[in-house]
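What follows is a set of notes on a single structure, which appears directly below.
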Amino acid sequence: MFSKILIANRGEIAVRVIRTARRMGIRTVAIYSDADANALHVAMVDEAMHIGPAPVGESYLRGDRIIEAAKATGAEAIHPGYGFLSENPDFVDQVEAAGLVFIGPSAASIRAMGLKDAAKRLMESAGVPVVPGYHGETQDIVVLASKAREIGYPVLIKARAGGGGKGMRRVDDPDNFPEALSGARREAKAAFGDDRVLVEKYVEKPRHIEVQVFGDNFGNAVHLFERDCSAQRRHQKVIEEAPAPGMTAEMRKAMTDAAVKAAKAISYSGAGTIEFIVDASEGLRPDRFWFMEMNTRLQVEHPVTEMITGVDLVEWQLRVASGEKLPKSQEQITLAGHAFEARIYAEDPERDFLPAIGTLHHLRFPPDAPINSTMRIETGVRQGDAISPYYDPMIAKLVVHAGDRSAALDALATALKDTQIAGSVTNVGFLAALAQDKDFAAGDVDTGLIERKQAALTAKRQPDNGVIARAALAASGARPSEGLPDDPWAALPGYSHFHPIERQVSLHFGGKEFKAGVTALANGRFAVRFDGMPPMAQSQADLAGTVCWPGHVTVFAKGTSFTFSVPDPFASAADAEAGAVSMRAPMPGLVKLVRADKGDAVKKGQPLLILEAMKMEHTIAAQHDGVIAEIAIEGAQVTDGTVLVRFVEEAGT
Ligand code: ADP
């Protein structure tokens with residue numbers, strides 16, 4: 001076994017690999033970019049090497065620097081995690097040329113599966129069912145159109161270099177074929193620099209079922225059952241589970257046999273996944289599944305397989321890469337219970353899942369697994385960490401396991417309702433809604449389920465008066481009192497002992513403003529009055545489940561969260577007093593490029609800085625002529641409402 005390995009990744013997967021390595025007594029080396037100097041994966045390891053600036057092209061994708069770091073620290077092997085360099089065969093060659101071990105398959109295996117058309121031809125010849133279609137070399141439009149007719153409409157045009165659903169077009173009518181083809185080619189060229197396509201039968205009511213396989217360097221290959229990843233949005237997996245709902249012994253045998261055959265056909269070593277598309281229009285039938293692609297790495301959703309089999313897949317990766325045989329034979333691998341994984345992201349379901357960023361001011365996962373279940377939280381962040389614009393905005397994966405599917409799904413819904421995150425918008429409410437969806441609960445999932453129900457699953461819940469009152473109480477500055485439970489005045493700084501003063505607060509939610517007045521009463525209670533409502537009595541207990549963070553207050557209630565924005569009255573008062581005008585960040589982001597200095601006289605419309613937020617760059621231009629008194633510094637992470645520019649005085653007005 002290795003004595004020291006380098007983990008060429010970040011976030012939850014780096015943390016995941018480190019945990020198993022440490023349990024096995026293997027020393028660990030992390031790499032990190034400027035943005036990750038204080039990240040969890042760095043804090044956990046024995047040694048960490050700085051690898052470059054935040055952008056992935058200058059850090060986590062710099063194979064040369066990663067190999068240097070491994071050599072400098074005496075690591076014997078490199079674990080690539082998923083994404084980044086995990087499926088880059090040239091990197092594998094370089095690692096091996098440097099005398100190190102790549103913890104994963106051979107470069108040849110990765111190359112064999114790298115292009116969809118070649119992989120499909122290879123699988124066809126190995127006797128693995130592939131989607132009926134054309135995977136040939138010819139790219140002539142006349143040939144492709146006639147192949148499409150032969151296959152039968154609807155068809156799907158796919159980029160052979162495809163990934164992430166790019167360069168894919170469904171065509172229902174032969175008349176639209178030429179236009180769809182040029183669209184797919186354009187997109188493929190832009191995304192992959194390769195505009196060659198294949199054409200295949202469009203599968204109706206498709207389900208995505210994949211089989212976990214594992215091979216070693218002695219020609220052995222086994223499967224660890226299947227996962228169902230049909231709950232997708234725009235071809236991105238949302239909730240995964242194992243085993244697949246409705247799976248029959250006959251179907252499982254056909255699928256796992258095909259998967260093991262596929263792995264053996266390329267002498268596969270390490271963890272891999274064979275993805276199949278299944279026509280579920282008439283249930284699961286052994287003649288209706290087809291090979292889609294192979295992922296030659298550990299998958300994001302591998303924990304559901306670990307939960308049902310009790311196998312630590314990272315341990316197996318380390319054992320196989322260090323030259324051991326597969327730890328178990330096929331007969332020794334058994335399946336128990338049912339597991340789900342939900343991917344928690346910083347993204348805004350209401351704005352079509354726009355990626356978000358922010359500081360995780362409050363991050364609380366359920367402290368215990370829901371009753372009769374076991375739970376795993378896979379995360380690379382802690383409370384106080386930021387979701388930056390540089391990397392995937394995943395916050396955590398919540399994984400649960402129980403005796404059967406319905407118990408596991410209940411546990412998932414409960415755990416999601418008990419997850420509290422403030423500081424960034426997240427998809428937690430959406431995931432909880434999906435976990436409680438009737439069709440999902442019935443196991444009636446296909447890849448179109450989420451899109452069909454998107455409006456209902458993402459509907460914003462409105463806060464009721466109780467929630468608004470709790471938000472107002474928290475925003476008023478009331479704090480749980482310490483040591484003086486009976487003295488209401490101690491709880492609310494600035495409140496008079498003799499004349500109860502009403503403190504005014506203004507809250508915004510979903511474009512609406514709520515103005516409230518908060519008064520401290522006797523016996524540790526408060527009265528909150530708003531919008532002509534009779535005053536509502538509140539106690540300090542109502543502060544539990546509320547979190548104040550810069551410019552906001554979040555209330556956790558009824559299994560979801562409500563985030564109000566709270567304009568800072570002191571900041572606006574200071575502005576008014578100074579007669580200065582300031583410009584504030586419209587959303588949380590990263591100050592990327594500052595183009596003006598303190599003391600500069602600037603003209604209206606002049607670009608002052610660039611704020612990177614929501615994966616896009618926003619130019620912040622002067623709203624008027626003026627002299628700059630203060631300006632944000634490059635590299636600063638700001639929350640919405642942070643002052644970016646303050647003017648000394650207003651010139652020319
Ligand atoms: P990518 O590599 O771009 O992610 P895949 O080939 O893995 O593309 O397909 C992504 C998703 O597209 C699948 O999970 C499935 O939902 C859908 N899909 C792929 N092929 C077909 C098909 N022939 N018919 C219907 N849907 C398909």
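Bear in mind these aren't lab numbers, they're just calculated from the coordinates by the rules spelled out. Because the structure is a prediction, the values reported are computed rather than measured. Cβ atoms come from the backbone with ideal geometry, glycine included; neighbour counts cover every protein chain shown.
Taking the Cα centre of the range 348-446 as the origin, how large is its charge dipole in debye, to the nearest 20, when only Lys and Arg (+1) and Asp and Glu (-1) carry charge on their Cβ atoms?
About 360 debye.
Could you tell me which of GLY162, LEU61, THR273 has its Cα farthest along the dipole of the chain towards the positive end, charges placed at Cβ (Lys, Arg +1; Asp, Glu -1), taken about the Cα centre?
Result: THR273, furthest along the dipole toward the positive end.
Fully extended, how many nm does the chain gain between ALA191 and TYR82 (0.36 nm per residue separation, minus their Cα-Cα distance)?
37.3 nm
Between 0 and 90 degrees, rounded to the nearest ten: what's the tilt of helix 63-73 against the longest Cα principal axis of the chain?
80
How big is D for the range 333-424, in µm² s⁻¹ as a whole number, if Stokes-Einstein is applied with the Kirkwood radius of its Cα pairs at 37 °C and 0.692 mPa s?
For the chosen part, D equals 234 µm²/s.
Kindly flag which residue pairs out of LYS417/LYS512; LYS116/LYS592; LYS158/LYS325 have an alpha-carbon separation exceeding 31 Å in this structure.
LYS116/LYS592; LYS158/LYS325
Run the simple label-point estimate for ASP173 and THR619 please: 7 Å along Cα→C-beta, distance reported in nm.
That separation, rounded to one decimal, is 4.2 nm.
Which of the pairs LYS237/LYS460; LYS253/LYS453; LYS205/LYS261 have their Cα atoms more than 24 Å apart in this structure?
LYS253/LYS453; LYS205/LYS261
Of PRO129, ALA433, LEU313, which is farthest on the positive side of the dipole of the chain, counting Cα position, with +1 on Lys and Arg Cβ, -1 on Asp and Glu Cβ, and the Cα centre as origin?
Of the listed residues, the answer is PRO129.
Quick one: check the C-alpha center-to-center distance for the range 506-560 versus the range 140-194, whole angstrom.
Taking the Cα centre of each part, the range 506-560 and the range 140-194 sit 55 Å apart.
Using θ = phi - 60° and the Karplus relation 6.51 cos²θ - 1.76 cosθ + 1.60, list the HN-Hα couplings for the range 152-159 in order, rounded to whole Hz, with x at every Gly or Pro.
Coupling constants for the range 152-159: x, 6, x, 10, 10, 8, 10, 5 Hz.
Using the Karplus curve 6.51 cos²θ - 1.76 cosθ + 1.60 with θ = phi - 60°, what ³J(HN,Hα) values do you get for each residue of the range 434-439, in whole Hz, with x for Gly and Pro?
Working through the residues one at a time gives 5, 5, 9, 5, 4, 5 Hz.
Run the helix sum for the chain: -39,500 (n - 2.57) per DSSP H stretch of 4+ residues, divided by residue count, reported at 222 nm to the nearest 500 deg cm²/dmol.
-8000 deg cm²/dmol
Straight distance only, please: which aspartates and glutamates reach the Cα of LYS603 with their own Cα at less than 19 Å, same-chain residues fewer than 8 apart left out?
Straight-line reach from LYS603, under 19 Å: ASP625, GLU630, GLU649, GLU650.
I need the peptides 140-151, 355-366 ranked by packing, meaning the mean over residues of other C-beta atoms within 10 angstrom, with the highest value on top.
355-366, 140-151
To the nearest 20 debye, what is the magnitude of the charge dipole of the chain about its Cα centre, counting +1 on the Cβ of each Lys and Arg and -1 on the Cβ of each Asp and Glu?
Using only the charged Cβ atoms, the result is roughly 480 debye.
Which whole-Hz ³J(HN,Hα) couplings does the range 184-195 yield from phi under the Karplus relation 6.51 cos²θ - 1.76 cosθ + 1.60, θ = phi - 60°, glycine and proline marked x?
With the stated coefficients, the range 184-195 comes to 4, 5, 4, 5, 5, 4, 5, 7, 10, x, 8, 9 Hz.
Between GLU137 and SER329, what is the spin-label point distance in nm, taking each point 7 Å from the Cα along the Cα→C-beta axis?
4.5
Evaluate 2.2 N^0.38 Å with N set to the residue count of the range 1-120, then give the Cα radius of gyration divided by it.
1.03
Can you tell me the length gained on complete extension of the stretch ALA601 to ALA118, counting 0.36 nm per residue apart and subtracting the Cα distance?
Taking 0.36 nm per residue and subtracting the Cα distance, the gain is 167.8 nm.
What are the aspartates and glutamates whose alpha-carbon lies under 20 Å from the alpha-carbon of LYS438, with same-chain residues fewer than 8 places away excluded?
Of all the aspartates and glutamates, those that pass the test against LYS438 - Cα under 20 Å, at least 8 places apart if same chain - are ASP228, GLU240, GLU241, GLU282, GLU341, ASP404, ASP410, ASP446, GLU451.
Along the charge dipole of the chain, Cβ charges K/R +1 and D/E -1, which of SER109, ALA478, GLY219 sits furthest on the positive end?
Towards the positive end, the residue furthest out is GLY219.
What angle, in degrees between 0 and 90 and rounded to the nearest 10, separates the Cα long axis of helix 11-23 from the longest principal axis of the Cα atoms of the chain?
Long axis of 11-23 versus the principal axis of the chain: about 70 degrees.
For the range 218-316, state the semi-axes of the equivalent ellipsoid (square roots of 5 times the eigenvalues of the alpha-carbon gyration tensor), sorted largest first and rounded to whole angstrom.
Listed largest to smallest, the semi-axes of the range 218-316 are 21, 17, 13 Å.
What residues have an amide H closer than 5 Å to that of GLY358, excluding those fewer than 5 places away on the same chain, when H is modeled at 1.01 Å from N in the peptide plane?
Under 5 Å from the amide H of GLY358 lie the amide H atoms of ILE387, each far enough along the sequence or on another chain.
Gain in length, ASP404 to ALA442, computed as 0.36 nm per residue apart minus the alpha-carbon separation, to one decimal in nm?
That pair, ASP404 and ALA442, stretches by 12.4 nm at full extension.
At 7 Å along the Cα-to-beta-carbon direction for both LYS71 and ARG149, put a label point, then send me their distance in nm to one decimal.
Each label point lies 7 Å from its Cα, and together they span 5.9 nm.
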